[in-house]
Every structure is written in structure tokens, then in C-alpha cells.
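Since the structure comes first, as C-alpha cells, the remarks are kept for the end.
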Amino acid sequence: MSPSNVPATHREVRLASRPERALDSDHFVVAEVPLPQPGPGQVLVRNRLMSVAASLRTLMRGDAGMPMPSFEVGRPLSAPAVGEVVTAPEGGTLRPGDLVSHWAGFREYAVMEADAVQPVDLTVLPDPVAYLSQGPSAWIGVVRGAEVREGDTVFVSGAAGGLGTLAGQFARLRGAGRVIGSTSSQRKADYLIETLGYDAVVLRGAGPIEDQLRKAAPEGIDAVVDTVGGEQLQAALALARPGARVGLIGALSAQVSGENTAPVEIDVFSLILRGIQLRGVSGARHRDALAEYQETFGRWLREGSVTVPHARLSGIDQAPRALMELLEGHHIGTVVVEL
Ligand SMILES: NC(=O)c1ccc[n+]([C@@H]2O[C@H](COP(=O)([O-])OP(=O)(O)OC[C@H]3O[C@@H](n4cnc5c(N)ncnc54)[C@H](OP(=O)(O)O)[C@@H]3O)[C@@H](O)[C@H]2O)c1
């Protein structure tokens, strides 16, 4: 796209009001606004694809306590996006037509400082969707949180989500002997088993998770990638073998309803006796793991040993629906919107 082809206006999705409980369309407004003009040192990008994730629900609160600032009422939301450079500062490394990734999704065009965008190199990760995936967090959950080892029995909670669909595959490729997931429906469980190679799946809403997990892992669990918290974490801890590693990476059970605390009752005495290690992990604290992630994930994608399961919606006006449907559990994997 050349600068002469850019329109005078574009659309962006703004936060209309802060949600107290479940999200609905009244919390969003799609506004037609003048195209932002890049200043010195800034880049203008035509966004092509963005992703939504449960963490955006947390940022819609005023006091999210996340590493990035909460969204402001009346201002555009943001999310990971991939777009095409339209104009870039002279003398820099970016050129019109380059694909870049950044955090200014939920708008058709974005203006940012040139150093706020990262090149999308399809020779490293061969699919733009991979740049929008929860791959980095899944990697950190598996490698640093659960520290999956050869032959381990691994439990991934929230296995059909953006992070979980990748974490299960990563765990298997890191040598796990048995991979068990949790999800909410038989349709998703069948997908996890038949397409992603999970050995067993427990279903939330189909009886006590601990009983289901005991059947799925009669010998116990060595490593946990927990994206859910609540009853699922309690069940994983009950089944954890001596020395098990439990990576805490998400709290979907509280997050989807807008909570930003996720209390869980645990028997500390029992954890001490079994030497169980609970580790809170996040992308922000493990940036040093990301070079190995990119190299390994890219290789696995090119070999075809990993896929990025995703759902795709089309049009910026569908972005609010994408987030609401994600939180309601309609989709499997990463949810992307074509802009
Ligand atoms: N620490 C970090 O650096 C880091 C980085 C990225 C993400 N995270 C966190 O990791 C978690 C997973 O992220 P994600 O992007 O994979 O999530 P996601 O795909 O956005 O999560 C959506 C899924 O949550 C599940 N869900 C809905 N209600 C639930 C409930 N009441 N209990 C349990 N699960 C429920 C549904 O799956 P089912 O229908 O299958 O249950 C739904 O498809 C989130 O908490 C996110 O904030 C942390």
C-alpha cells in the first residue's frame, strides 16, 4: 500500500464503559475517526490481523494490576496485531510494505514510535498467526514453569485455549510421556485428543475434576501448566507426585468473570511433605527464554510437528464479538480478527 492510497478516516474499537461482570456489546463502540498522522520518528501501519485473549478482559478493569496499563474509557483498546508499514521514518530500517507486529490492534491503522514495532520475519515463524499466538507464554509455562522432562505425565489446564493448545504440543515435543488437558465440552476434548494428540481430557462441569484426573493419571502427575486456577489447580495439586513442578501462568477461572484475584485453598503441609514446587511464571520475567522459543517453534512449524489452532473472524466490527465469544468458550486456540 502506498501513502497516496490511505483513506482520510479509519475505524477503531473503543472501551465504552467498564464491565462489572460479563462482557456485552455495550462495553464497546466502533468509531470512525480521522486517520492518525505520523510525527517524526513514527511509523504508520495498516493493520491486517489482530488477536484477542482473556487478558484483555482484565485490562478492561480500571485497576487490573497487570504489567501494562488498563484500557481507558473513551479510548481505543489495544491488542497484539500484525500489519503492513505504510510510511516509516527516513534513514531507519523499516520500509513501506514490511510486515510488523505490535500492540496497537483494535484499529485499522496505527501510528507508533518506530521502535514500538517488531519485524515479522516469515523465515523465522512461517505464519503471521504464529506471531499473534500465545506461543511465548506457552513455551515459558512448559519450559520454565512446569519444566517438562522426558517421560513426564503433564496436566495442562485450559488446554483448548490459545496458550493451552500450544502448551500441550510443546510438552509432547519436549518428551512428555502422557499429556492430559482440561476443557469445557466433548467437542473440544475430541479435538484435543484426535488433532493435538492429548492422551486424555477432563471436562469442567462434568463432575469433580479431581476424580476425573485420578482416572486419567492413576500414577499421578509430574508437571502442570496451569492456566485456570481454582478447582483445577486444587485437583492438580492433589494428584501431584513428590517433586512435581507446577507452573502457574493464568487464572481463567477468575479472569473470565472479571475478577483480578484468584484465591485457592491449598494444604501447605501436604505440599511440603511431597516437595511440590509452585512457580508463578510470566513472559515479562522470562524474556531470556524467547530466543530459544523462536528458533524451536519456527523449526517445529516448518517441519509440521506443531500447528497453531485458531479461529478467524473478519472485519474490525467483529472484534468485540471475538473477545466475547472467546471468554464464553466458543472457540479453540488463538482467536484472530482480519482487519
Ligand atoms: N503469565 C503470563 O505471562 C501470561 C501470558 C499469556 C496468558 N496468560 C494467562 O493465561 C491464561 C490462558 O490464556 P489464553 O490466552 O490461552 O486464554 P484464552 O484462550 O483467551 O481463554 C479462553 C478460554 O477460557 C476458558 N474458560 C472460560 N471460562 C472458564 C472458566 N470459568 N474456567 C476455566 N476456563 C474457562 C474457555 O476454554 P474451555 O471452553 O476450554 O474451558 C475459553 O475458550 C489467561 O489467564 C491469561 O491471562 C498469562
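Table for the structure above
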{"item": "Qualifying residue in region 222-233 (condition: more than 13 Å from the ligand (Cβ to nearest atom), outside the structural domain of residue 50 (by TED's automatic domain parsing), in a strand (DSSP E or B) and open to solvent by 10 Å² or more (accessible area, probe 1.4 Å))", "result": "yes"}
{"item": "Test for residue 199: is it surrounded by 15 or more Cβ atoms within 10 Å (Cβ to Cβ) and either farther than 26 Å from residue 150 by Cβ or away from the ligand (no atom under 14 Å from the Cβ) (or both)", "result": "yes"}
{"item": "Failed condition for residue 14, given (1) free of Cβ contacts under 8 Å to residues at least 12 places away in the same chain; (2) not in a loop (DSSP other than H, G, I, E, B)", "result": "(1)"}
{"item": "Restricting region 147-171 to residues that are assigned to a loop (DSSP other than H, G, I, E, B) and more than 13 Å from the ligand (Cβ to nearest atom), the residue that is most open to solvent (accessible area, probe 1.4 Å)", "result": "150"}
{"item": "Residues within region 32-42 that are under 16 Å from residue 75 (Cβ atoms) and surrounded by 15 or more Cβ atoms within 10 Å (Cβ to Cβ), tallied", "result": "1"}
{"item": "Per-region count, region 95-120, residues open to solvent by 30 Å² or more (accessible area, probe 1.4 Å), in contact with a helix residue (DSSP H, G or I) (Cβ under 9 Å, 6 or more places away or on another chain) and assigned to a loop (DSSP other than H, G, I, E, B)", "result": "2"}
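To keep it simple, each residue is scored yes or no on (1) in contact with a Gly (Cβ under 7 Å, 6 or more places away or on another chain); (2) within 16 Å of the ligand (Cβ to nearest atom).
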{"residue": "84", "(1), (2)": "yes, no"}
{"residue": "99", "(1), (2)": "no, no"}
{"residue": "109", "(1), (2)": "no, no"}
{"residue": "113", "(1), (2)": "yes, no"}
{"residue": "118", "(1), (2)": "no, no"}
{"residue": "125", "(1), (2)": "yes, no"}
{"residue": "143", "(1), (2)": "no, yes"}
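The values are calculated or read from the model by the stated rules, or taken from the named source; none is laboratory data. What you are looking at is a predicted structure, and each value in this text was computed from that prediction instead of being measured. Here Cβ is always computed from backbone atoms with ideal geometry, including for glycine, and neighbour counts include all displayed protein chains. SASA here: full protein model, heavy atoms, side chains in, ligands and nucleic acids out. Shrake-Rupley method; radii C 1.70, N 1.55, O 1.52, S 1.80 Å.
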